[in-house]
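What follows is one structure encoded as structure tokens, with my remarks underneath.
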Amino acid sequence: MKLNLKIPLCFFDLETTGTNITTDRIIEIAVIKLMPSGETIEKKNLVNPTVPIPAESSAVHGIYDEDVKDKPTFKELAKEYARFFEGADLSGFNVLKFDVPMLVEEFLRADVEFDYSRKRIIDSQRIFHLMEKRTLSAAYQFYCQKELENSHTAEADTRASMEVLLSQVERYENQSVTDNNGKVIGVVKNNLDDLNKLTSSDMVDLAGRMSRNGQGQVVFNFGKHKGKAVLAVFKEEPAYYDWMMNGDFPMDTKRRLTELKLSILRKQ
């Protein structure tokens, strides 16, 4: 179908050194400008972030320091991209939470005007989540073709969650499961070991303050050390452990931190 446009709509996506809007940098940008006529104009660049690309990030997008060392920096590209975006609205998948804030930060660092407040921003992920609900009631209807009565009562929700899992295993048994990058991460099997690996194998603490990266290392999921190995942080900045233990973190998180801290002491 053809979108009803009065001005161009720029679909864009970024690959970055990480997910911290403040400290991470763009390493690839791609834009498709959809014109009111239906014509499309494409623009893309690899970008030298001027900082090292963490190995865990390269493992996701396949871009390494060597690939970008001779590429222009975003500051060098900023004016031409600002012109390309000029007079157009913005769109993409999950752009509101990540891509737009990251892009704006980079324009600000480059001291290039980019007034996003005058642009309409259409996030297709938001429409996806609005239209394809991710609630237990929606899952019960999708997998079991039943309406969930007495929703939000413990008994009804418990029974529905049991029926959903049984239906999921029946529907998907022996099918491969891929991540967002198309990489196979497992197969749906009718046994709890395999199901556990698919749903919670990277979990370290229940609050999700820590997780396991692609190399199996326990890394922080928040704050200034997000994406960094916990053990490495404790070695470089021992006081960070004390800050967390005295902070407003769940007891389970503190218990896991202590276990990791003790593992360092045992190796010394």
Practice prompt. Of the listed pairs Lys197/Lys261; Lys2/Lys69; Lys33/Lys146, which have alpha-carbon separations greater than 32 Å here?
Written response: Lys2/Lys69; Lys33/Lys146
Worksheet, complete the sentence: The answer for Met210, listing residues at least 5 apart or on another chain whose modeled amide H is closer than 5 Å to its amide H, is Val204, Asp205, Asn221
Worksheet, complete the sentence: Per GNM of the chain with C-alpha springs under 10 angstrom, the most fluctuating residue out of Gly182, Gly208, Gly216 is Gly182
Worksheet item: For region 9-129, with only Lys/Arg (+1) and Asp/Glu (-1) charged at the beta-carbon, what is the dipole magnitude about the Cα centre, in debye rounded to 20?
Response: 360 debye
Practice prompt. Per DSSP H run of at least 4 residues, take -39500 (n - 2.57); add these up for the chain, divide by its residues and hand me the 222 nm value, nearest 500 deg cm²/dmol.
Written response: -12000 deg cm²/dmol
Response to the item:
Ordered by number, the GluC sites (Glu not before Pro) in region 86-184 that occupy a DSSP loop and have at most 16 other Cβ atoms within 10 Å are Glu86, Glu113, Glu132, Glu147, Glu149, Glu173
Response to the item:
If amide H atoms are modeled at 1.01 Å from N in the peptide plane, then the residues at a separation of 5 or more from Asp13, or on another chain, having amide H under 5 Å from its own are Ala30
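Run the dipole for region 172-268 about the Cα centre, Lys and Arg Cβ at +1, Asp and Glu Cβ at -1, nothing else charged, and hand back the magnitude in debye, nearest 20.
Its charge dipole is roughly 320 debye.
Taking each pair of distinct Cα atoms in region 23-108 once, what is the resulting Kirkwood hydrodynamic radius in Å?
Working: mean 1/r = 0.0710 Å⁻¹.
Answer for region 23-108: a Kirkwood hydrodynamic radius of 14.1 Å.
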Fill in: Part-to-part distance (alpha-carbon centres) for region 111-154 and region 61-91, which is given in Å
30 Å
Worksheet, complete the sentence: Once phi for every residue in region 18-23 is put through the Karplus expression 6.51 cos²θ - 1.76 cosθ + 1.60 (θ = phi - 60°), the whole-Hz ³J(HN,Hα) values, with Gly and Pro written as x, are x, 10, 8, 4, 6, 9
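About the Cα centre of region 95-178, how large is the charge dipole given +1 on each Lys and Arg Cβ and -1 on each Asp and Glu Cβ? Please answer in debye to the nearest 20.
In total the dipole reaches around 180 debye.
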Worksheet item: Hey, fewest Cβ within 10 Å first, where do Leu206, Leu265 land in order?
Response: Leu265, Leu206
Worksheet, complete the sentence: The set of residues whose placed amide H lies less than 5 Å from the amide H of Asn48, leaving out same-chain residues fewer than 5 positions away, is Lys71, Thr73, Phe74
Item to complete: Please arrange Cys144, Cys10 by counting, for each residue, the other beta carbons lying within 10 Å of its beta carbon, fewest first.
Response: Cys144, Cys10
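Read-outs: derived from the displayed coordinates by stated rules, not from any lab. Given the structure is predicted, the values throughout are model-derived calculations rather than measurements. Because the Cβ atoms are built from the backbone with ideal geometry, glycine has one as well, and the counts that use them run over all protein chains shown.
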